[in-house]
Amino acid sequence: MTQNMSFLRNIFLYKCLFALTFWNHVSLSVEDELFISVSNYFPEDGSNQNIKSLPLLYKKSKANLDWIVIHNTTESLSLSEITNSNVKNLVALLSNFRQGSRLQNLTLTNVSVDWNALMEIFQTVWQSSIEYFNISNVMQLSDIRSYDFDYSGTSMKALTLKKIQLTDLYFSQDDLYRIFADMNIADMTIADSEMIHMLCPSSKSPFRYLNFSKNDLTDFLFQNCDNLLQLETLILHKNKFESLRKVSFMTSRMRSLQYLDMSNNLLRHDGADVRCQWAESLSELDLSSNQLADAVFECLPVNVKKLSLQNNQISNVPRGMVELKSLEELNLASNRLADLPGCSGFASLQFLNIEKNLILTPSADFFQSCPRVRELQAGRNPFKCSCELQAFIGLERQSGGKLFGWPAAYVCEYPEGLRGTELKDFHLSQLACNTTLLLVTALLLTLVLVAVVAFLCIYLDVPWYVRMTWQWTQTKRRAWHDLPGDQGPVLQFHAFISYSERDSLWVKNELIPSLEKGEGCVQLCQHERNFIPGKSIVENIINCIEKSYKSIFVLSPNFVQSEWCHYELYFAHHKLFSENSNSLILILLEPIPPYLIPARYHKLKALMAKRTYLEWPKERSKRALFWANLRAAISINLPKADENCYEETD
């Protein structure tokens, strides 16, 4: 039941449209018809409220609109599809809105008329109660001629023209542009219309707002124009201006100009000697998306408070070039800057946008040089996460949240291994980033290392080992040089005996007789009888060890006190490793307490710990086994030794 009532109510409201809307009557013929959209212009509760906005659509049909009068409560009217065939009806309609009428806003779209018809529409609007006139998608079809326009007695405040297309390419510019230049209104917009010029008003103009965006205007606009003294806002976005200096001259006579938008043009400044002359009143300037470089800072209004240089070719903010003491907001995003600019020339700077530049490691002292800055936008730069960046990361804590977009907009770009890491998650140790501390630490470690190496060299007698290695090498070289061809040294002895002179009685009375006069023919090398006169002791030791199958060391507390025993042990040990042979035989004549072994005898300690040695038994019953084991260890057929045995036997 409720739905049926609502449906009937809507039908009733639709039929009552003419009663609510038209004051007199509509006379329709068979050629044109008036279509009215009403769905959104009546209250749903059916209350008797006044209609404030009404869109009308002219459409080709079999009817012809003579005239209508809109109800005096209507404030906004939208008309579409205006052509030469119905323009007289439109003029007749608008003629009814004289001064005092409630209609204030008029919108015309899709207008295709000749020049005189268009001017007649404008003239009618100028003499009506309309204050805001918007017209878009206009195509002018006929020749443009001079028109005597009457600007007097108007209620108009603002005119907006968008997408105006002229089919007449040959006309006097005065005939077209003079109409608009001399309009006595506060606001005018002519946008997206391929307009190539606009004249200076003939007299002092009331213009406060001019918007000529998306046209083809050039540097010749308003040059030497003295009649725009009340103009406060000038928008020239997306035109074809090229010279920043000429733009400054254009504004120099606009005494009230506060806002200028020159974005998306072709502006350059070559830093010529000619100084720029801006309007002293200019406080906000938009120069974004041009071709400006570092020299732009030579040509800026000194009293500007808000400046946008976004998306240009600026690589550096020169210091000392200009002082913008009033500048509070600076946008340098999407340029080529490699570091944060200082504030030496921007004493009042509060907001700085430097996003999307080429900043790898921004300066950490920015807030110290710019104490008044309340917000810094420095994200979306290719940050190099290194020690230099650590100080900048600390700015977030020091600045108290002045970094806009932190932390999402601050991400490592280099090195590749850290790409994508947020700066808040990047940390390096203080030692890694403090050069002084790192140098001091490295120096201390070097000194400690040198001290340790020196101590070990002294404790382990490294110089002695180096000297012995050198002598070993030289002796070996001479020995190989004396032999014919590639022949190596020939073994002449079963064993070389190394012992302390204090243990010589045991060697001469026990060891030598038991081996040489027992079973088999054993030839022992003893220094007293086999060292060659004229050669150095070291060279004799090396030769004897080289010509012996084994090396027997008689160990005792006396052995570790002998310097020459140390030499012999070292060379025998060297042969053990150089020839990968098992040539050492250790005989422990007397126990050696560990504390008696000098530090440089570390090889002896290692040998006694890893190798089996023969211990001289005190009991006579065990000595036969001792000699048998020793003979077995040195058992080998030596042709040279056998010849000597046979000679002695004979």
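The values are calculated or read from the model by the stated rules, or taken from the named source; none is laboratory data. Please read all numbers here as calculations on a predicted model, not as lab measurements. Positions of Cβ are backbone-derived with ideal geometry, glycine not excepted, and every protein chain shown enters the neighbour counts. For accessibility, only protein heavy atoms count, side chains too; no ligands or nucleic acids. Shrake-Rupley method; radii C 1.70, N 1.55, O 1.52, S 1.80 Å.
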I'd like the accessible area for Y177, computed on protein heavy atoms only with a 1.4 Å probe and all protein chains in place. Round to 10 Å², please. 10
What are the ³J(HN,Hα) values, in whole Hz, obtained from phi via the Karplus relation 6.51 cos²θ - 1.76 cosθ + 1.60 with θ = phi - 60°, for each residue of the range 355-363 in sequence order, with x given for Gly and Pro? 5, 6, 10, 10, 7, 8, 9, x, 5
Sequence of Y259, Y410 when ordered by accessible area, the most exposed leading, probe 1.4 angstrom: Y259, Y410
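Calculate what fraction, in whole %, of the accessible area of the range 365-444 sits on carbon and sulfur atoms when a 1.4 Å probe is rolled over the protein chains.
Working: 2540 of 4710 Å².
After summing per-atom areas, the C and S share lands at 54 percent.
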Ignoring ligands, DNA and RNA, what accessible area per residue does the range 493-633 give at 1.4 Å, in Å²? 48
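In debye to the nearest 20, how big a dipole does the range 493-633 give about its Cα centre with +1 on each Lys and Arg Cβ and -1 on each Asp and Glu Cβ? Walk me through the numbers before you get to the answer.
Numbers: 18 positive and 14 negative charges, 59 e Å.
With Lys and Arg at +1 and Asp and Glu at -1, about 280 debye.
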Would you tell me the accessible area of T446, worked out with a 1.4 angstrom probe on the heavy atoms of the protein chains, in Å² to the nearest 10? 70
At 1.4 Å probe size, with no ligands or nucleic acids counted, give the accessible surface of K162 in Å², nearest ten. 100
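Summarise the accessible area of the range 493-633 (1.4 Å probe, protein heavy atoms) by the percent that is carbon and sulfur. Walk me through the numbers on the way to the answer.
On the way: 3530 of 6740 Å².
For the range 493-633, the apolar C and S fraction of the accessible surface comes to 52 percent.
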Please tell me the relative contact order of the range 493-633 in percent, rounded to the nearest whole number, where contacts are Cα pairs under 8 Å and at least six residues apart. 25
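Using a 1.4 angstrom probe with every protein chain in place, what is the largest-first accessible-area order of W470, W115, W406, W278?
Details: W470 160, W115 5, W406 60, W278 30 Å².
Order by accessible area, largest first: W470, W406, W278, W115.
Using the heavy atoms of the protein chains alone and a 1.4 angstrom probe, what is the accessible area of the range 195-335 per residue in square angstrom?
Numbers: 6210 Å² over 141 residues.
With all protein chains present, the range 195-335 gives 44 Å² per residue.
How large is the accessible surface per residue of the range 348-394, computed with a 1.4 Å probe and reported in Å² as a whole number?
Details: 2000 Å² over 47 residues.
In whole numbers, the range 348-394 has 42 Å² accessible per residue.
What shape does the range 493-633 have by the C-alpha gyration tensor, where a ≥ b ≥ c are the square roots of the eigenvalues, rounded means a/c under 1.5, and otherwise prolate means a/b greater than b/c and oblate the rest? Show your work: numbers first, answer last.
Values: a/c = 1.40, a/b = 1.07, b/c = 1.31.
Verdict is rounded for the range 493-633.
What order do H566, H197, H427 take when sorted by accessible area (1.4 Å probe), most exposed first? Provide the component values of the computation, followed by the final result.
Numbers: H566 5, H197 40, H427 135 Å².
The residues order as H427, H197, H566, largest area first.
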